[in-house]
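Bear in mind these aren't lab numbers, they're just calculated from the coordinates by the rules spelled out. The structure presented is a predicted model; accordingly, all values stated were derived computationally and were not measured. Glycine gets a Cβ as well: all are built from the backbone with ideal geometry, and neighbour counts include every protein chain shown.
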Amino acid sequence: MSIWGGSFVVVKDSLDDLTSFQLLVLRFLAATIVLLPFAIRRPQFRATVSRWEAWLLGVTLFAGLVLQTTGLATASPGHSALLTSLSVVFVPFLYWLISAKRPAAPEWVAVALCLTGLLLVYSGFQGEVRVGDGLSLLCALAFAVYLLLLDRTSRSLDLISAMAVQCIVCLLLSLLVLPLDQPASWQSDSSMLLAVLYVGVLATAVAFSLQLFAQRTLGAVESAVILALEPAVATVLSIALGRDELTAGLVAGTCLLLAGAIVSQRPMRPSGDDDPR
């Protein structure tokens with residue numbers, strides 16, 4: 001969560017020198033280089049490559065990160081982080097739609113706390129609504145679908161192998177779309193290298209692998225609520241860098257986000273079911 005919170009600023013700065021799909025190619029290339037040597041040594045790797053679930057996760061992850069990255073071309077890091085975290089609102093409704101089971105009451109309370117917190121945080125930002133804000137909102141929907149897919153598949157997939165397959169899928173799709181991107185030269189200074197290592201190794205290979213591991217014990221709604229803390233991290237970083245001002249809305253919203261994350265971790269029972277999950 002902290003890694004992803006910081007990645008919004010890093011990606012935003014990187015788009016000054018690279019196009020969205022150049023950055024995505026480099027991001028997934030770095031992640032693949034890190035994960036593939038470990039994955040190919042695992043006996044489950046070949047079986048995972050043949051699993052359609054791993055490929056579908058890769059396509060969904062690609063969709064989410066494309067929308068997030070292209071959105072950051074015009075949206076501020078704070079706006080993007082906040083709108084991306086609205087997946088916390090989409091997940092319970094999508095879960096209800098596909099499973100016909102209502103999320104438990106504490107999960108709804110956590111969602112309400114986070115939604116209120118997100119609105120308060122958003123009220124602390126200045127500036128007009130841009131196209132990037134709309135893309136970031138679609139990104140939230142894509143990540144909500146990704147969380148639900150993880151909820152259904154993470155326990156049956158080998159962690160390292162599944163993450164490596166996802167990165168390979170994202171890299172191939174990025175390369176496929178790259179010729180359609182606007183022409184631009186490739187930048188290769190030290191700051192760009194550090195940025196690619198951050199978003200590729202930390203924010204992709206490490207962070208998404210940890211998420212895959214965590215969702216073996218957490219539900220999709222719980223994960224979405226915890227990830228709603230991302231804008232708090234991104235906002236603190238933006239304030240520290242002088243890009244946003246500290247306001248009462250930001251403080252109150254961050255407190256509500258934290259409260260929602262705590263409530264989501266209380267023991268829950270599915271609605272209409274007496275057995276603990």
- Message: Which order do the peptides 7-13, 100-106, 26-32 come out in when sorted by mean C-beta neighbours inside 10 angstrom, highest first?
- Response: 26-32, 7-13, 100-106
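Within 11 Å, Cβ to Cβ, of residue 99, how many net charges do the neighbouring residues add up to if Lys/Arg are +1 and Asp/Glu are -1? Walk me through the intermediate numbers first.
Numbers: positive: 101, 102, 152; negative: 151.
It works out to a net charge of +2.
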- Note on the structure: The Rg/Rh figure for segment 1-148, Cα atoms and Kirkwood Rh, to two decimals is 1.02
